[in-house]
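What follows is one structure encoded as structure tokens, with my remarks underneath.
The values are calculated or read from the model by the stated rules, or taken from the named source; none is laboratory data. Since we're looking at a predicted model, the values are computed, not measured. Methodologically, a virtual Cβ is constructed for each residue, glycine included, from the backbone with ideal geometry; neighbour enumeration extends over all protein chains shown.
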Amino acid sequence: MAEDKKKGGLLRSSGLVSGLTMVSRVFGLIRDMVIAYFFGASAGADAFFVALRIPNLFRRLFAEGAFAQAFVPVLSEYRNRESKDAVRALVSRASGTLGLYLLILTVLGVLGAEYVIRVFAYGYVYHAHIEKLALAVEMLRVTFPYLLLISMTAFAGAVLNTFGRFAVPAFTPVLLNLSLILCAVFLRPYMDQPVMALAWGVLIAGVAQLTFQLPFLAKEKLLVAPRFDTRDPGVRKILTLMLPALFGVSVGQINLLLDAVLASFLETGTLSWLWYSDRLLELPLAIFAIAIATVILPGLSKDHASSSPEEFSRTLNWAIRLVLLLGLPATIALVFLSDALIATLFFHGEMTERDVSMSGMALAAYGVGLLGHMLVKVLAPGYFARQDTSTPVRYGVVALVSNMVLNLVLIWHLKHAGLALATSISAFINAGLLFYGLKKSGVLVLEKGWSRFFGQALLANLVMLITLFLIRPAMNTWFAFGLVERIVIMLLICLAGALIYAVCLRVTGVKVGQFIR
């Protein structure tokens with residue numbers, strides 16, 4: 001009974017977090033539509049995305065990356081084994097140590113903003129884009145303190161999650177989207193450089209996000225004064241655990257850095273085109289792949305703990321089939337409707353027809369790899385559930401190095417679309433390695449009927465593609481429609497495609513509803 005109650009609580013928490021994450025995604029999409037309306041893919045928008053990317057990169061590297069992976073297990077151990085005073089002391093010393101290091105990094109970043117931009121956007125220097133360089137430097141001086149604020153927000157969120165308060169950290173990202181929307185609409189007219197309103201929106205959001213979580217920390221009696229102490233055993237353990245995690249996370253961040261550097265060598269608008277298209281790629285990943293991964297991980301962990309390899313393999317088979325059922329049509333939609341999707345959401349205000357076309361190219365290149373990204377999400381739990389974290393990291397490093405090499409190769413002929421395509425290919429490399437590892441070790445045994453299932457899915461997707469080809473309006477028609485018309489027509493096209501797909505699956509013998517249940 002207690003175990004069932006615990007599982008029910010976890011499921012409710014997971015559902016709540018998923019719902020709030022979806023709210024954040026929706027507001028994020030609205031945020032990007034507002035940015036596209038007021039700034040399009042201009043030099044100012046490019047400069048903002050560079051200035052936002054840099055503190056976010058360091059945040060992922062230190063706070064939400066290596067530090068979070070090291071801090072949460074130690075805090076959980078203290079919570080289960082030590083007194084509340086010991087937990088409070090660890091929170092105090094860990095926050096003080098992290099906070100001081102981040103404060104030093106933030107001050108250095110603000111003072112050396114020009115040098116940081118010269119590294120992250122060296123193309124601006126190479127092409128002597130003096131005005132764009134100066135604007136990016138000015139914006140970075142405003143946005144870099146976000147690193148300190150959001151990192152401490154992530155720290156507070158990790159503490160709250162450890163104590164079962166999942167809703168507050170899950171809702172917090174909405175505040176960034178709201179701040180950027182409001183600043184773009186209301187603060188922009190008062191700025192000499194209107195795009196600077198976005199930079200101030202980031203800084204305001206950092207203050208709001210951290211402040212929002214403090215009362216909930218206080219309610220848990222964990223709002224303690226920060227204290228720098230690297231000699232504390234708990235802090236030393238966290239720092240020790242950070243080193244291998246830092247290595248694994250840094251490879252991915254170096255890859256992002258290379259993407260930004262290479263994009264800065266291309267024409268104005270490149271960073272914006274990649275940004276808008278990447279936002280659309282994230283939607284099906286969040287709705288489908290992350291949801292499936294969230295569902296299967298507890299079951300896989302239970303199967304492993306109870307020594308049920310058959311059930312473990314059966315769960316993985318189910319997850320892969322569901323990813324194919326959902327991922328293949330989503331891939332076709334992103335690739336075939338790429339221009340139309342970009343036009344539907346972002347073609348207004350300062351966004352031009354050429355911006356739509358270039359963003360559509362990037363979205364099509366990103367969309368090719370959607371299935372690879374989704375497979376990575378559902379195959380990785382096959383390792384995590386068995387407490388094998390080193391193997392996915394090794395495979396991830398191989399994929400990321402491949403991504404770097406492919407970036408350098410594909411950018412010459414495909415420009416910004418080459419950067420997106422390199423990301424897609426590396427996703428399939430990662431998924432292929434994960435699949436091979438599970439199959440080779442005998443953890444994943446493919447069930448009978450896979451060939452028939454794949455044929456059924458392929459036929460249904462082919463019919464859906466033909467349907468989309470027949471009912472999709474020409475691109476010049478999309479530009480003639482208004483925003484509301486475009487959204488309504490796109491929804492009808494997606495619904496028609498989904499209906500045809502579902503009917504074809506049913507006719508070929510795939511019972512989707514029963515399968516999902």
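Restricting segment 128-180 to residues that are crowded, with 23+ Cβ neighbours inside 10 Å and outside any helix (DSSP H, G or I), the residue that is farthest from the chain's Cα centre (by Cα) is PHE144.
Are any residues in segment 46-92 charged (D, E, K, R), at pLDDT 80 or above and either outside any helix (DSSP H, G or I) or within 15 Å of PHE155 (Cβ to Cβ) (or both), and if so, which ones? Matches in segment 46-92: ARG88 only.
Condition check ((1) of a type in the set (Val, Ile, Thr); (2) outside any helix (DSSP H, G or I); (3) surrounded by 14 or more Cβ atoms within 10 Å (Cβ to Cβ)) across all residues:
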{"position": "ALA431", "(1), (2), (3)": "no, no, yes"}
{"position": "PHE435", "(1), (2), (3)": "no, no, yes"}
{"position": "LYS439", "(1), (2), (3)": "no, no, yes"}
{"position": "VAL445", "(1), (2), (3)": "yes, yes, yes"}
{"position": "PHE454", "(1), (2), (3)": "no, no, no"}
{"position": "LEU458", "(1), (2), (3)": "no, no, no"}
{"position": "MET464", "(1), (2), (3)": "no, no, yes"}
{"position": "THR467", "(1), (2), (3)": "yes, no, yes"}
{"position": "LEU470", "(1), (2), (3)": "no, no, no"}
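Per the conditions (1) within 21 Å of LEU495 (Cβ to Cβ); (2) surrounded by 17 or more Cβ atoms within 10 Å (Cβ to Cβ); (3) at pLDDT below 85, the sole criterion not satisfied by ILE296 is (1). Taken over segment 351-405, the criterion of being in a loop (DSSP other than H, G, I, E, B) and not charged (D, E, K, R) is satisfied by MET351, THR352, GLY369, ALA380, ALA385, GLN387, THR389.
In the set (1) touching a residue at least 60 places away in the same chain (Cβ under 8 Å); (2) within 25 Å of SER272 (Cβ to Cβ), PHE481 fails one condition alone, (1). Taken over segment 181-215, residues that are within 17 Å of SER151 (Cα to Cα) and touching a residue at least 60 places away in the same chain (Cβ under 8 Å) amount to 6.
Within 18 Å of ALA225 (Cα to Cα), modelled with pLDDT of 85 or more and either crowded, with 18+ Cβ neighbours inside 10 Å or not aliphatic (A, V, I, L, M) (or both): does that describe TYR101? In short, yes. Would you say LEU322 is of a type outside the set (Val, Ile, Thr), closer than 30 Å to ILE489 by Cβ and buried (at least 23 other Cβ atoms within 10 Å of the Cβ)? Answer is no for this residue. In the set LEU408, LEU419, only one residue is farther than 20 Å from GLY327 by Cβ, assigned to a helix (DSSP H, G or I), out of contact with any helix residue (DSSP H, G or I) (no Cβ under 7 Å at 6 or more places or on another chain) and among the aliphatic types (A, V, I, L, M); that residue is LEU408. Whether a residue is at pLDDT 85 or above, surrounded by fewer than 21 Cβ atoms within 10 Å (Cβ to Cβ) and β-branched (Val, Ile, Thr) was assessed, and VAL195 does not pass this test.
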